[in-house]
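Let me give you the structure first, and then I'll get to my questions.
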Amino acid sequence: MIEYVPILVLMCFAILIASIIVGASYLLGPRISNKTKLSTYECGMQTIGPTRMKINIRYYIIAMLFLIFDIEIMFLYPWAVVMGGLKLFGFVEMLIFVIILFIGYIYVWRKGALEWE
Amino acid sequence: MDMVSFKGIIFIIAALIAVAASVLMATRKNPIHSALWMIVTFFAMAVIYLLLNAQFIAVAQVMVYAGAIMMLILFVIMMVQMEKGGKGDPGETGRSAKTKVAGALITVILFGEMLFGALYYQMTGRSGDYPVAMVNSVGNVRTIGSLLYGQYLFPFEIASILLLVGIVGAVVIAKRKE
Amino acid sequence: MEQIVSMIGWKTAKTIAGLVGVLIFVVFNALILTWAERKVAGHMQRRIGPKEVGPYGLIQPIADALKLLGKEILTPRAVDRPLYFLAPILIFVPVLVSFIVIPFDASLQVKDINVGILVILAFSSLSVLSILMAGWGSNNKYALIGAIRSVAQNIAYEIPLLLALLPVIMMTNSFSLKAIVEAQKGLWFVFYQPLAFCIYFIASVAETNRTPFDLPEAESELVAGYHTEYSGMRFALFFLAEYTNIFIVSAIAVTFFLGGYQGPFLPGIIWFLLKSYLLVFVIMWLRWTFPRVRFDQLLNISWKALIPLAFINLLLTGGLLKL
């Protein structure tokens, strides 16, 4: 547990230093603002329509697939670290695990969820 | 340095942050802000897992929950555009009596379970099959690995089928919406 | 008893020195890389790059940093203030934390944590959140599109990246970066795992949003991507994080595949920095050699080529190790 303390310390440090940098710049830099300067940038034109448009559903599929593969990899990491001690059977069980997920991968590919046009 | 009290202080801080952040998460009007408070909760939880010598769970918590799942949640919020006062705003209509009751029930059950677990081991003086000293001598990830690929092989293979169902479900839902 | 106390004190002192060292190194690295980027770009295009400020223009990055410090920090009216303020500060956290476990030399490492590589991977998966915060918080169309593209790209390339590191862990049975370097005393892992190294390197270039995978910041279509609305030092923080990230992915590649601090004659740290900056140079070289890929190509490279290849490589390694 004690070896994780530096991580916490550095996280606090990072936030502190970044805040100091921004704060220093806030104090040092000029602050002359006017209405046009503070408007949203859109190549010098008036902004058209709502900014937060709907995003394509394909991004959602990608995110969902990522989540599933991420979880799968979280299973693979403990396997990789104990692999030296496992017998051939240990490899076979991981092979089954990966093959089952690969069926899902092929299904996604076949259904065209990976296509972008 | 007295390790017990040091751990105690860290635990109290992490627990307070977790509770405060989850209260803030539940009360924010802007769903994106709620999601960000949820990340803070996950981080505090990761610290608590570390205190329990569960390094792998702590890392998985940050990687899968704070990273992947939060990213998915933010994507979904952006996709359905739950802006304040927008079409998808759950403000009044979303929180019906049913959801409130269900939420309360789940909270009570989980709390009871946790209390039982803590008190059972405290009162009977029993410890689990894998006490801290033993896990630390082998390494947390190694222990999980050897258990997962030995004793708990069947649940592990079932997990792959669950993930497969997840993949198929995502594609089916997305294809229907298109 | 006293001996133990003094030993703990010494260890704590060493950790604190390490933390300070990391902070200094991060700033120094960013200064060198901004200079090197412009010099490399210059010479690749038969120019000489910065030369006025200091010998070979070496003082140029410091001058730039001072200039940025004096620039106005704009906060456009339409932004979501908490998100907009937090994003540049939070992008700094994961890149700094990764330095804790990187072994610069046999004894030059802040902490050798036994789940070392997992800590780096977990934290680097968080930078996506800061990017989303910046893009959404800016309330700007370019920023939002840039952020969403960036996230889609980051997550698509994170999977091959994670899979490419697995064969090395299978060969060493350890997550500790130091143990992995020590295991390469004989032959570097790049010779056992050339495919994994290539997959890792391609994925890490994409993870750092560098050309040819710089779609989130594609100047010609998205202005500056997710940091379009940021100015002055806030913009500089995004920049700093990006350059630190380039060093980190190179350092991990060196640790996992190129023998880390191992090498003849010279001290370990020299070898480590030499190898790391060589990879950084290759990343810069790529920028001036390849045109930007299209978005569908970008995702297809990862989902249809790198991921299956990484899986096949993983299973082959597993099979060979067991048979």
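Just so it is clear, none of the values below were taken in a lab; they were calculated from the coordinates. Source: prediction; values computed, not measured. Backbone-built Cβ (ideal geometry, glycine too); neighbour counts: all protein chains shown.
Within a 10 angstrom radius of the beta carbon, how do A:Tyr107, C:Tyr226 rank from fewest other beta carbons to most?
On the way: A:Tyr107 14, C:Tyr226 33.
Exposure proxy ranking, most exposed first: A:Tyr107, C:Tyr226.
If one takes the longest principal axis of the Cα atoms in chain B, at what angle in degrees, from 0 to 90 and to the nearest 10, does the Cα axis of helix B:31-51 lie?
10
Okay, next question. According to the square roots a ≥ b ≥ c of the eigenvalues of the Cα gyration tensor, what is the shape class of the protein assembly as shown, taking rounded for a/c under 1.5, prolate for a/b larger than b/c otherwise, and oblate for the remainder?
Details: a/c = 1.28, a/b = 1.11, b/c = 1.16.
Since a/c stays below 1.5, the shape of the protein assembly as shown is classed as rounded.
For region C:202-323, build the charge dipole from Cβ charges (+1 Lys, Arg; -1 Asp, Glu) around the Cα centre, then report which of C:Gly318, C:Asn300, C:Phe281 sits farthest towards its positive end.
Of the listed residues, the answer is C:Gly318.
Taking the Cα centre of the protein assembly as shown as the origin, how large is its charge dipole in debye, to the nearest 20, when only Lys and Arg (+1) and Asp and Glu (-1) carry charge on their Cβ atoms? Don't skip to the end; give the middle numbers.
On the way: 46 positive and 33 negative charges, 217 e Å.
The calculated dipole for the protein assembly as shown is roughly 1040 debye.
Between C:Leu278 and A:Leu27, what is the label-point separation in nm under the 7 Å Cα-to-beta-carbon projection?
With each label placed 7 Å out from Cα toward Cβ, I get 4.5 nm.
If we sort A:109-115, A:78-84, C:194-200, C:309-315 on the protection proxy, mean other Cβ atoms within 10 Å, highest first, what's the order? Walk me through the numbers before you get to the answer.
Numbers: A:109-115: 15.0, A:78-84: 22.6, C:194-200: 20.3, C:309-315: 18.7.
Per-residue mean Cβ counts within 10 Å order the peptides as A:78-84, C:194-200, C:309-315, A:109-115.
Could you tell me the calculated FRET efficiency between C:Leu69 and A:Thr36, based on Cβ-Cβ distance and R0 = 35 angstrom, to the nearest 0.05?
Values: r = 25 Å, r/R0 = 0.71.
My answer for the efficiency is 0.90.
Related question: What lysines could a cross-link reach from A:Lys111, if we take a straight Cα to Cα line under 25 Å and drop same-chain neighbours fewer than 8 places away?
Straight-line reach from A:Lys111, under 25 Å: A:Lys54, B:Lys175, B:Lys177, C:Lys304.
For region B:132-178, what are the per-bin percents of Cα-Cα distances with bins 5 Å wide, up to the bin holding the maximum?
Answer for region B:132-178: a P(r) of 5, 19, 14, 14, 12, 11, 9, 7, 6, 3, 1 percent.
Could you name the lysines in cross-link range of B:Lys29, using Cα to Cα under 18 Å and dropping any fewer than eight places away on the same chain?
B:Lys84, B:Lys87, B:Lys100
Which FRET efficiency value, to the nearest 0.05, do you get for C:Lys304 and C:Ile269 by plugging their Cβ-Cβ distance into 1/(1 + (r/R0)^6) with R0 = 25 Å? Walk me through the intermediate numbers first.
Values: r = 40 Å, r/R0 = 1.62.
It comes out at approximately 0.05.
Same structure again: Hey, which lysines would be in cross-link range of C:Lys51, C-alpha to C-alpha under 22 Å, not counting anything within fewer than 8 residues on its own chain?
In chain and number order, the partners are C:Lys39, C:Lys67.
What's the angle, to the nearest 10 degrees (0 to 90), between helix A:57-82's Cα axis and the longest principal axis of chain A?
Around 50 degrees separate the two axes.
I would also like to ask the following. Which stretch or stretches of region B:47-64 have amide N atoms under 11 Å from the point lying 7 Å from B:Leu110's Cα along the Cα→Cβ direction?
Under cut-off, by backbone N: nothing.
So, one more: With each label point set 7 Å from Cα along the Cα-Cβ vector, what nm distance links B:Val76 and C:Ile312?
About 3.6 nm, to one decimal.
Kindly express, to the nearest 10 degrees and within the range 0 to 90, the angle between helix B:153-177's C-alpha long axis and the longest C-alpha principal axis of chain B.
The angle comes out at about 10 degrees.
Which of the three applies to region C:123-250, rounded, prolate or oblate, going by the alpha-carbon gyration tensor with a ≥ b ≥ c and a/c under 1.5 meaning rounded?
Taking the square roots of the gyration eigenvalues as a ≥ b ≥ c, region C:123-250 is prolate.
Classify region A:2-110: rounded, prolate or oblate, from the alpha-carbon gyration tensor (a ≥ b ≥ c, eigenvalue square roots; a/c under 1.5 rounded; otherwise prolate if a/b is larger than b/c)?
In terms of gyration-tensor shape, oblate.
Which part of region C:156-193 falls in the paramagnetic zone of B:Tyr130, meaning amide N under 20 Å from the point 7 Å along Cα-to-beta-carbon?
Within reach of a label on B:Tyr130: C:170, C:173-176.
Taking 7 Å along the Cα-to-C-beta vector as the label spot, tell me the B:Lys98-A:Ile96 distance in nanometres, rounded to one decimal.
Result: 4.0 nm between the two label points.
I would also like to ask the following. I need the helices of chain C that pass two filters: whole DSSP H segments spanning 27 Å or more by Cα along the axis, and mean Kyte-Doolittle score no lower than 0.5. Intermediate results must be reported in sequence, preceding the final value.
Details: long enough: C:2-44 (60 Å, 0.97); C:141-172 (47 Å, 1.25); C:232-257 (38 Å, 1.54); C:268-287 (29 Å, 1.78).
Long hydrophobic helices here: C:2-44, C:141-172, C:232-257, C:268-287.
What does the highest-first list of C:10-19, C:292-301, C:102-111, C:170-179 look like by mean Cβ count within 10 Å? Display every interim value, and only then the final one.
Values: C:10-19: 13.8, C:292-301: 16.3, C:102-111: 19.1, C:170-179: 20.8.
Most protected by this proxy first, the peptides run C:170-179, C:102-111, C:292-301, C:10-19.
For the protein assembly as shown, what does -39500 (n - 2.57) per DSSP helix run (n ≥ 4), summed and divided by total residues, give at 222 nm, in deg cm²/dmol to the nearest 500?
Values: 26 runs with 424 residues, N = 618.
Calculated from helices alone, the mean residue ellipticity at 222 nm is -23000 deg cm²/dmol.
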